[in-house]
Amino acid sequence: MEEFSVISYSFRSFYCKTYIEGKLKGLFKEFVMGTGLIPADGEVWRIRRRTIVPALHQKYVAAMISLFGQATDRLCKKLDAAASDGEDVEMESLFSRLTLDIIGKAVFNYDFDSLTNDTGIVEAVYTVLREAEDRSVSPIPFWEIPIWKDISPRQKRVSAALKLINDILDDLIAICKRMVDEEELQFHEEYVNEQDPSILHFLLASGDDVSSKQLRDDLMTMLIAGHETSAAVLTWTFYLLSKEPSVVSKLQEEVDSVLGDRFPTIGDMKKLKYATRVINESLRLYPQPPVLIRRSLENDVLGGYPIKRGEDIFISVWNLHRSPKLWDDAEKFKPERWPLDGPNPNETNQNFSYLPFGGGPRKCVGDMFASYETVVALAMLVRRFDFQIALGAPPVEMTTGATIHTTEGLKMTVTRRIKPPIVPTLEMPTLNAGASVNLSEGDALLGQKGEVSSAHS
Ligand code: HEM
């Protein structure tokens with residue numbers, strides 16, 4: 001327990017109504033509800049969480065992996081154009097757009113297409129996300145002050161953005177309800193609608209008796225929780241890789257041999273072991289969020305510190321993950337510290353010294369989703385491109401909100417990789433550039449076909 005930095009007490013936080021048992025394993029909290037953007041009804045969320053988590057069955061995961069591949073392919077096309085034009089790219093904002101596109105489709109089947117468009121809804125989402133982050137670190141809940149709420153131009157912008165998003169979510173829920181009413185498919189444990197594998201569709205089809213408003217708030221929670229986190233993981237992974245060319249070579253070797261020139265499938269997730277270790281290690285050095293926050297519901301003592309009822313503690317996962325007492329070469333980016341044939345590191349098998357997705361009953365509901373999402377994006381990108389910090393780019397420095405951001409972006413030069421030879425195997429169809437192939441179990445499920453990106457041709 002002494003490894004945790006207790007940074008501040010009695011500080012208004014992102015999270016509310018949390019409880020300290022004195023042991024990390026028992027901590028739980030209400031996510032994003034303390035920002036006022038989503039009603040602070042933790043009890044309802046706790047019940048709903050039980051419905052959301054089982055949505056992650058095999059067929060759903062296969063469909064999601066296919067979705068990650070398609071979204072990353074759009075990013076590859078963008079990078080391909082930048083490589084042709086010799087233009088440097090700002091990867092942090094591109095990753096933010098990639099993960100927004102993914103979470104929109106995955107959660108409520110909405111294509112933000114933010115990698116190619118800057119429509120009003122994308123701007124509205126960013127307004128709300130920035131506000132959620134600012135509120136999460138604000139010492140006073142200024143947004144609750146009645147007059148301020150009505151006269152502050154910024155708060156008015158936030159309200160307008162929230163209204164736009166809520167209206168769209170209401171429409172999506174209504175459309176989805178009609179689809180569910182019309183479909184013949186019976187709901188069962190492995191249910192997935194192949195045209196719309198979103199969590200919204202799953203939840204509606206499950207017949208869960210929940211109001212549209214509650215549903216909308218849950219979707220918003222997932223949008224906020226699952227967007228910047230994954231984007232930040234990818235940003236810092238690419239930053240770390242830019243400093244360790246030997247890791248990149250090893251990673252590319254694995255990706256070339258496992259994937260060749262096709263999209264990743266659910267079966268590949270077990271084979272992309274080194275890529276997974278790269279993400280595990282990036283999450284150790286740059287945990288998102290870097291602090292976890294709990295509020296005490298009663299007087300307690302934690303690691304010798306007396307804590308009064310109502311006080312908050314901040315647990316610095318950053319310090320925990322970089323503690324020299326717990327890690328050899330703690331500051332070094334070393335994916336090899338996680339044995340390839342060992343278990344996937346998590347909070348329990350690392351005795352709570354590693355908490356990339358929190359722990360206990362309020363652990364991240366999207367941990368598996370996020371792990372696969374980041375592995376797919378990483379594999380597809382390093383397969384096609386080499387990335388270097390751009391010449392003359394500003395130094396990459398950190399600033400923190402709910403996640404760790406760079407201060408001035410991650411400007412990189414992207415070059416196409418020379419196409420390595422593809423050795424055909426029974427599982428891996430040989431591809432001609434531009435040819436259509438049946439790509440994966442996930443794609444087969446969706447009845448989709450994919451094409452090899454023109455990146456190599
Ligand atoms: C690499 C990306 C991600 C990281 C590092 C991450 C990390 C975390 C962490 C550390 C927590 C626990 C916070 C706490 O204990 O105070 C959390 C909670 C949560 N995460 Fe994630 N997350 C990621 C992606 C996602 C995705 C993609 C989704 C949705 C699909 C998601 C949904 C949630 C939700 C809903 C909670 C709140 C759970 C609850 O309070 O019951 N996360 N996440």
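The values are calculated or read from the model by the stated rules, or taken from the named source; none is laboratory data. Since the structure is predicted, the reported quantities are computational estimates derived from the model, not experimental observations. Cβ coordinates were reconstructed from backbone atoms using ideal geometry, including for glycine residues, and neighbour counts include every protein chain displayed. We work out accessible area using only protein heavy atoms, side chains counted, and drop any ligands, DNA or RNA first. Shrake-Rupley method; radii C 1.70, N 1.55, O 1.52, S 1.80 Å.
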*Tally time: how many residues in region 278-315 are assigned to a strand (DSSP E or B), in contact (Cβ under 8 Å) with a residue 24 or more places away in the chain and surrounded by fewer than 19 Cβ atoms within 10 Å (Cβ to Cβ)?*
4
_Selection status of LYS213, loosely packed, with under 14 Cβ neighbours inside 10 Å, under 25 Å from the mean Cα position of the chain (by Cα) and closer than 26 Å to GLU133 by Cβ_ = yes
*When residues of region 83-121 are filtered for being in contact with a strand residue (DSSP E or B) (Cβ under 9 Å, 6 or more places away or on another chain) and open to solvent by 10 Å² or more (accessible area, probe 1.4 Å), how many remain?*
8
*Pairs with Cβ under 9 Å, 6+ apart, first in region 318-343 and closer than 20 Å to LYS270 by Cβ and part of a loop (DSSP other than H, G, I, E, B), second charged (D, E, K, R) and open to solvent by less than 80 Å² (accessible area, probe 1.4 Å)*: TRP338/ARG277; TRP338/GLU281; TRP338/ARG284; PRO339/ARG277; LEU340/ARG277
*Determine the pairs where a residue that is part of a helix (DSSP H, G or I), located within region 244-270, has a partner that is at pLDDT below 95 and exposed (fewer than 14 other Cβ atoms within 10 Å of the Cβ) with Cβ atoms under 8 Å apart, the partner being 6 or more residues away or on another chain.*
ILE266/GLN58
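Based on this model, can you work out whether ALA124 counts as at pLDDT 85 or above and buried (at least 17 other Cβ atoms within 10 Å of the Cβ)? Lay out the reasoning, then the answer.
Working: at pLDDT 85 or above: yes; buried (at least 17 other Cβ atoms within 10 Å of the Cβ): yes.
Yes; evaluated as a whole, the condition is true for this residue.
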*Can you tell me which residues in region 246-277 are open to solvent by 40 Å² or more (accessible area, probe 1.4 Å) and among the aliphatic types (A, V, I, L, M)?*
none
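Could you say which residue among VAL414, VAL376 is open to solvent by less than 10 Å² (accessible area, probe 1.4 Å), modelled with pLDDT of 90 or more and away from the ligand (no atom under 16 Å from the Cβ)?
Working: VAL376 fails: away from the ligand (no atom under 16 Å from the Cβ).
After applying the criteria, what remains is VAL414.
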